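The values are calculated or read from the model by the stated rules, or taken from the named source; none is laboratory data. Just so it is clear, the structure is predicted and the values come from calculations on it, not from any experiment. Note that each Cβ is placed from the backbone with ideal geometry, even for glycine, and that neighbours are counted across all protein chains shown.
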Amino acid sequence: MAVQREAWRHRAWEVLGQVSAEAMIAWTCDGRVLVWNEGATRFYGYEAQEVIGRDARSLLGTPEHVPWPPADLCGHRALELNRRHKNGTPLTVLAELRPIEDEHGQVIGVAEVGRLAPHTLSMARAQQQAARLHLAAIVESSEDAIIGKSLNGVIQSWNGGAERVFGYSAEEAVGRPVTMLIPPDRCDEEERILAAIRAGERMPPYETIRIRKDGRPIQVSLTISPVYDLLGRVVGASKIARDITAHRAAERALAQAEERLRAVVEAAPVVLFACDAQGHLTLLKGRALESLGFKAEGLIGRPFQGMQGGAAAGFATQLARALRGEQFTAVLGVAGGLVEIRWLPVRGAEGVIAGAGGVAIEIAEQRRAQEEALRASKWELFGALAGGIAHDFNNVLAAIVGNLALARMKLGPASEAATFLLESEKAAMRAQGLTRQLLGFAKGERAVRGMVDVAALIESTARFALGGSNVRAHVLVARDLWKVRGDEGQLSQVMNNLVINAQQAMPWGGSVEILARNVSLDGHETALPAGDYVRVDCVDRGVGIDEQDVARIFDPFFTTKAQGSGLGLTTSARIVGEHGGRIEVQSRPGEGTRVRFYLPRSREEAPELQAGGSVRPPKARILFMDDEEPIRKVTHAMLTHLGYEVCVAADGGAALREYRKQRYDIVILDLTVRDGLGGLATLERLRALDPSVVAIVSSGYSSDPVMADHERYGFVAKVPKPYTPETLDAAITPLLGGIGRAEGARRSATGADQDRGAR
């Protein structure tokens with residue numbers, strides 16, 4: 001009976017040791033660990049199997065030269081020990097030590113019961129709080145959904161990314177079970193996840209389906225990890241969810257496009273053929289015989305002689321391989337192009353090779369089609385990306401240019417600093433030209449026509465394109481060079497393409513001649529109609545172009561440069577053609593290249609602005625709407641500096657509210673607003689309030705149809721972003737003459753208009 005009680009007591013102490021929150025450790029006199037409970041694991045981070053039997057003094061931060069146990073240990077003793085967590089965090093432990101003696105009273109080890117000192121707990125908690133705050137900032141800024149949940153699956157934290165991905169606000173989600181996001185047929189996933197988390201396991205990333213607040217299923221990529229408290233206990237889980245719905249849809253769309261391409265290729269004309277063991281043709285059929293250079297007449301029963309030269313030799317070599325029993329695919333060049341042949345040995349009844357056959361498919365066109373499909377897909381994506389980049393970039397430039405202009409105007413023209421600011425403005429405006437070139441290159445930007453000073457365009461473009469290179473521009477422009485009507489950004493792109501091509505043709509350096517003059521054509525010199533033109537020549541002394549390549553120089557994707565895209569001259573020819581002109585190339589290898597283009601003369605006179613705005617009504621009122629706060633601020637300042645009375649609005653709804661309060665002489669509306677009414681929709685509603693409203697459209701999307709043809713959509717003028725006080729005033733001033741004459745009549749009717757708008 002006594003033995004049973006002793007065994008029971010021993011087992012009870014084992015159980016108590018494992019459930020205790022304190023760290024219980026038993027050491028031998030040489031520092032080896034014999035007992036290590038769960039409390040010790042939570043304190044120090046080491047599992048029992050990592051330390052049992054080992055000298056753990058160095059692991060816990062106790063120098064090995066320090067005697068263990070203490071030499072003066074006698075009976076019960078309490079010590080304050082400096083220890084170290086597995087992750088390196090310093091710990092102060094209050095330890096109670098008792099000697100372990102054998103039956104003779106000799107000390108054979110020491111038993112330790114430890115708990116964290118209060119200041120260690122406070123420090124750890126403070127560090128943990130700081131880490132949490134830092135982590136919270138990172139989590140909140142993440143585009144991915146980052147969710148914290150308890151071991152029971154209840155949502156405890158919900159970041160902004162989670163709101164964007166799933167549609168629930170934090171107030172709606174926190175405190176609810178995470179199963180609200182899981183489709184009914186996938187609820188078993190959560191049970192498996194929680195079981196793994198409770199065991200301290202990290203779930204490998206996987207893809208699954210979740211449900212948004214609006215009921216729409218989305219594909220997500222999940223990463224789930226356990227969350228530990230200060231004592232190393234698992235207290236919850238962290239889940240990171242990335243919405244991959246669009247990514248997977250794009251993959252499916254690409255797969256479908258590839259499948260359609262495959263179907264087209266499979267339906268293409270082919271040639272079927274077979275030969276006997278001696279190489280005599282037994283079958284030769286197919287719609288593609290002639291196009292591939294095959295001659296079927298009189299060949300059946302005879303050795304194949306339908307191809308000439310290397311093609312026949314290559315066919316014979318491949319046939320010999322097939323007759324040896326090989327099954328393979330090979331490519332063969334024939335007179336009609338490139339074919340891919342799928343070879344198969346033909347076996348008789350006893351398995352003996354009796355001949356060979358195959359299917360020949362023309363692959364030159366197939367390869368071109370595949371490359372074209374991929375290229376088209378890339379350009380479509382690039383076009384969409386370029387549009388977004390150009391819009392955002394122009395918005396940024398609008399704030400930069402506006403603030404530079406304001407600073408310059410406040411300094412006054414006599415200030416040296418104002419000169420530097422003006423140069424900065426010009427550089428920023430050239431950056432706008434680059435965005436327009438990007439759009440035109442990507443998806444064919446709509447031309448925004450106006451009067452273009454070709455001489456100034458050549459000078460600025462050449463200097464910018466050749467900056468930092470070993471090639472210089474020699475520009476000769478007629479003094480009385482005519483102006484043309486066109487899109488300055490697109491024509492700048494043409495000039496930039498030609499200058500860059502010339503520079504690349506002279507890697508050793510040199511000079512590019514750019515000549516511009518007025519010419520009158522009689523209709524016989526070129527394919528252009530008779531009339532007056534501005535002719536521009538760009539001449540280099542570079543490597544030149546072969547005659548056969550000159551004929552293809554404007555073909556899409558044709559290039560003579562290893563790194564070229566083959567689109568520069570194609571785009572230039574399109575732009576010049578759309579402007580009613582023509583582009584030509586003359587070149588010889590080793591002698592250089594001359595590229596010449598013509599643009600029709602414009603007989604319009606550039607409008608002259610009235611200095612000082614003498615026709616303005618006193619304190620003309622302007623309502624400016626834009627969803628970007630920096631743009632609102634700087635434009636308000638510019639318009640105020642110009643002497644206008646200004647009110648700004650962040651979206652169409654706010655603009656309508658302001659207009660109902662009082663009428664404005666002019667409204668300037670941003671075309672694209674992310675969250676709210678854009679310019680076009682706002683103008684429709686403004687016209688319902690006031691049919692005589694005078695509206696100017698503004699946008700960073702210079703290629704938008706509304707910007708290209710603003711009058712068709714009801715706007716009287718446009719101001720592309722970015723703009724300066726001068727460009728704003730140039731758009732506004734011509735509109736104020738009629739407004740000034742009608743000012744009294746309009747303002748006397750304001751009360752009646754407001755009454756009608758309220759009703």
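One table, with the values for the structure above:
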{"read-out": "Given (1) in contact with a Ser or Thr (Cβ under 9 Å, 6 or more places away or on another chain); (2) over 21 Å from residue 627 (Cβ atoms), number of the condition residue 692 does not satisfy", "value": "(1)"}
{"read-out": "Residue in region 712-724 that is farther than 20 Å from residue 631 by Cα, modelled with pLDDT under 90 and part of a loop (DSSP other than H, G, I, E, B) present", "value": "no"}
{"read-out": "Residue within region 497-520 that is modelled with pLDDT of 85 or more, in contact with a Phe, Trp or Tyr (Cβ under 7 Å, 6 or more places away or on another chain) and not hydroxyl-bearing (Ser, Thr, Tyr) present", "value": "yes"}
{"read-out": "Matching residues, region 474-486, being surrounded by 18 or more Cβ atoms within 10 Å (Cβ to Cβ) and out of contact with any Asp or Glu (no Cβ under 8 Å at 6 or more places or on another chain)", "value": "481, 484, 486"}
{"read-out": "Enumeration of residues in region 438-461 that are under 23 Å from residue 598 (Cα atoms), buried (at least 21 other Cβ atoms within 10 Å of the Cβ) and modelled with pLDDT under 85", "value": "440, 445, 461"}
{"read-out": "Lone qualifier among 350, 326, 340 - being out of contact with any Phe, Trp or Tyr (no Cβ under 8 Å at 6 or more places or on another chain), surrounded by 13 or more Cβ atoms within 10 Å (Cβ to Cβ) and modelled with pLDDT of 70 or more", "value": "340"}
{"read-out": "Qualifying residue in region 244-253 (condition: modelled with pLDDT of 75 or more, surrounded by 15 or more Cβ atoms within 10 Å (Cβ to Cβ) and of a type in the set (A, V, I, L, M, F, W, C))", "value": "yes"}
{"read-out": "Residue tally, condition among the aromatic types (Phe, Trp, Tyr) and surrounded by fewer than 18 Cβ atoms within 10 Å (Cβ to Cβ), over region 645-667", "value": "0"}
{"read-out": "Answer residue from region 668-723, given it is more than 28 Å from the chain's Cα centre (by Cα) and among the basic types (Lys, Arg) and is surrounded by the fewest Cβ atoms within 10 Å (Cβ to Cβ) among those", "value": "712"}
{"read-out": "Lone unmet requirement of (1) closer than 20 Å to residue 98 by Cβ; (2) among the charged types (D, E, K, R); (3) at pLDDT 85 or above for residue 22", "value": "(3)"}
{"read-out": "Test: residue in region 196-203 that is modelled with pLDDT of 90 or more, outside the structural domain of residue 86 (by TED's automatic domain parsing) and surrounded by 13 or more Cβ atoms within 10 Å (Cβ to Cβ)", "value": "no"}
{"read-out": "Long-range neighbours under 9 Å by Cβ, at least six apart or interchain, first residue more than 20 Å from residue 488 (Cα to Cα) within region 576-589, second among the charged types (D, E, K, R) and at pLDDT below 90", "value": "587/546; 587/547; 587/549; 588/546; 588/547; 589/546; 589/547"}
{"read-out": "Selected residue [of a type in the set (A, V, I, L, M), at pLDDT 90 or above and out of contact with any His (no Cβ under 7 Å at 6 or more places or on another chain)] from 739, 696", "value": "696"}
{"read-out": "Those residues of region 646-692 which are among the basic types (Lys, Arg) and in contact with a helix residue (DSSP H, G or I) (Cβ under 9 Å, 6 or more places away or on another chain), in sequence order", "value": "660, 661, 663, 685"}
{"read-out": "Residue that is surrounded by the most Cβ atoms within 10 Å (Cβ to Cβ) [pool: residues in region 139-167 that are of a type in the set (Ser, Thr, Tyr) and either at pLDDT below 90 or under 14 Å from residue 241 (Cα atoms) (or both)]", "value": "157"}
{"read-out": "Residue within region 386-397 that is touching an Asp or Glu at 6+ places or on another chain (Cβ under 6 Å) and at pLDDT below 80 present", "value": "yes"}
{"read-out": "Failed criterion for residue 368 (all others in (1) loosely packed, with under 13 Cβ neighbours inside 10 Å; (2) at pLDDT 75 or above hold)", "value": "(2)"}
{"read-out": "Some residue of region 176-187 being over 32 Å from the mean Cα position of the chain (by Cα), at pLDDT 90 or above, surrounded by 13 or more Cβ atoms within 10 Å (Cβ to Cβ) and in a loop (DSSP other than H, G, I, E, B)", "value": "yes"}
{"read-out": "Some residue of region 155-174 being part of a loop (DSSP other than H, G, I, E, B) and in contact (Cβ under 8 Å) with a residue 40 or more places away in the chain", "value": "yes"}
